[in-house]
Structures are given as structure tokens and as C-alpha cells.
Amino acid sequence: MNDYAESHFNLNRKGITKSKTTTEKILTWKPDLIKTSLRKLNDDLSQEATQAFKNVVGYMGDRNSKKAPLDHARKLLRNVLHAPEELRDEIYCQLCKQTNNNPSPTSDERGWQLFTLCLATFPPSTEFKPYLHTYWSEAKDKE
């Protein structure tokens, strides 16, 4: 996953100076909302990605929301169903981030449930698929 992140992620994202961050930081659970997409995306898709992240963390219970978790999942899936492949892969990257070292067992379980819902709705790109398989294998080995 780090190899994929090195070539596809927006690593220049820290603060006003946009100094470079590490793939490890980007791919680790975080309670805060993201301010920009994880992947290098155009401005429109980056905005959609940050909105999608709100739905991801809303579903997982990492963000307070008046909506039910399933409403977050519905909105996320509806918005990315016909979205470009780049945004779909972004959602999978966000799920990797939020399930990597997640301190809450409930949130982590919901993240894996959301992975399942996404897979039932849209596939990862052919390019990203092997990295996703590797992430899942490594996550399973951590259990």
C-alpha cells in the first residue's frame, strides 16, 4: 500500500506551507476530518472526496451526526455509484486509513462493514485492486 501511496497520494498537505507528510501518517486512523483528498485528484473530485470522508466517519461513528449510520452509507454509495474510478479508489483509501490502527473496536468493525458495502456496489480499479488485497491480508494477519 505504501508503494501505491508514494505514487498516487497527495503528500504535500501539511499546513499553510504544504510541507510533505509521510504515507504512514496519511494511512493511519485519525479522528479529525480530512481537508483534502488522500489521492491526487482535481479540485472538484477532491471536494467530493472530503464530503465522502464525512460519510465514512459518520457511518463508523467517529463523528457525531444526527443521521443514522445507514443513512451515511446510503449517501456515500449513491454519490460514488457513477463516480469516476479515481474517486472510487479514494473511498477505498479512506477506508484503509480509518481501519488502520483504529483504537475503537466498534468503529473498526463498521469500517470493515463499509468495505463490504462498497465492494458490493462498486469494484476498485484494476490498478488499485492488488494493493487493496495486500492491505486486507496484512490487516487480517494483525488480528
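Do you know which residues across region 102-143 are among the small types (Gly, Ala, Ser), over 21 Å from Lys25 (Cβ atoms) and open to solvent by less than 60 Å² (accessible area, probe 1.4 Å)?
Going through region 102-143, the residues among the small types (Gly, Ala, Ser) turn out to be 104, 107, 111, 120, 125, 137, 139.
After this cut, where a residue has to be over 21 Å from Lys25 (Cβ atoms) as well, the list is 120, 125, 137.
Within region 102-143, Ser125 is the sole residue that qualifies.
Taken over region 128-143, the criterion of being at pLDDT 95 or above and assigned to a loop (DSSP other than H, G, I, E, B) is satisfied by Phe128 alone.
Put simply, of Arg74, Arg78 the only residue that is surrounded by fewer than 17 Cβ atoms within 10 Å (Cβ to Cβ), within 15 Å of Gln113 (Cα to Cα) and either out of contact with any helix residue (DSSP H, G or I) (no Cβ under 9 Å at 6 or more places or on another chain) or modelled with pLDDT of 95 or more (or both) is Arg74. Kindly check whether there is at least one residue in region 18-26 that is open to solvent by 20 Å² or more (accessible area, probe 1.4 Å), in a strand (DSSP E or B) and at pLDDT below 95. Yes; the residues of region 18-26 include at least one that is open to solvent by 20 Å² or more (accessible area, probe 1.4 Å), in a strand (DSSP E or B) and at pLDDT below 95. Leu33 falls short on exactly one of the conditions (1) more than 13 Å from the chain's Cα centre (by Cα); (2) of a type in the set (A, V, I, L, M, F, W, C); (3) surrounded by fewer than 17 Cβ atoms within 10 Å (Cβ to Cβ), and that condition is (1). Taking the criterion of being touching a His at 6+ places or on another chain (Cβ under 9 Å) and modelled with pLDDT of 95 or more, the residues of region 40-71 that qualify are Lys54, Asn55, Val56, Val57, Gly58, Tyr59, Met60. Within region 53-66, residues that are at positive phi reach partners that are of a type in the set (Ser, Thr, Tyr) and open to solvent by less than 10 Å² (accessible area, probe 1.4 Å) with beta carbons closer than 6 Å, at six or more positions or on different chains, in the pairs Gly61/Ser107. I'd like to know if region 91-101 contains one or more residues that are open to solvent by 70 Å² or more (accessible area, probe 1.4 Å) and more than 12 Å from the chain's Cα centre (by Cα). Yes, region 91-101 contains a residue that is open to solvent by 70 Å² or more (accessible area, probe 1.4 Å) and more than 12 Å from the chain's Cα centre (by Cα).
Annotation note: of Leu119, Leu33, the sole residue that is without any contact (Cβ under 8 Å) to a residue 60 or more places away in the chain and assigned to a loop (DSSP other than H, G, I, E, B) is Leu33. In this structure, Leu117 does not satisfy being modelled with pLDDT of 95 or more and under 25 Å from Glu6 (Cα atoms).
The values are calculated or read from the model by the stated rules, or taken from the named source; none is laboratory data. This one's a predicted model, so the numbers in the text were calculated from it and none came from an experiment. Every residue, glycine as well, gets a Cβ built from its backbone with ideal geometry; the counts of neighbours run over all protein chains shown. Remember, those area values only see protein heavy atoms, side chains included, never the ligands or the DNA or RNA. Shrake-Rupley method; radii C 1.70, N 1.55, O 1.52, S 1.80 Å.
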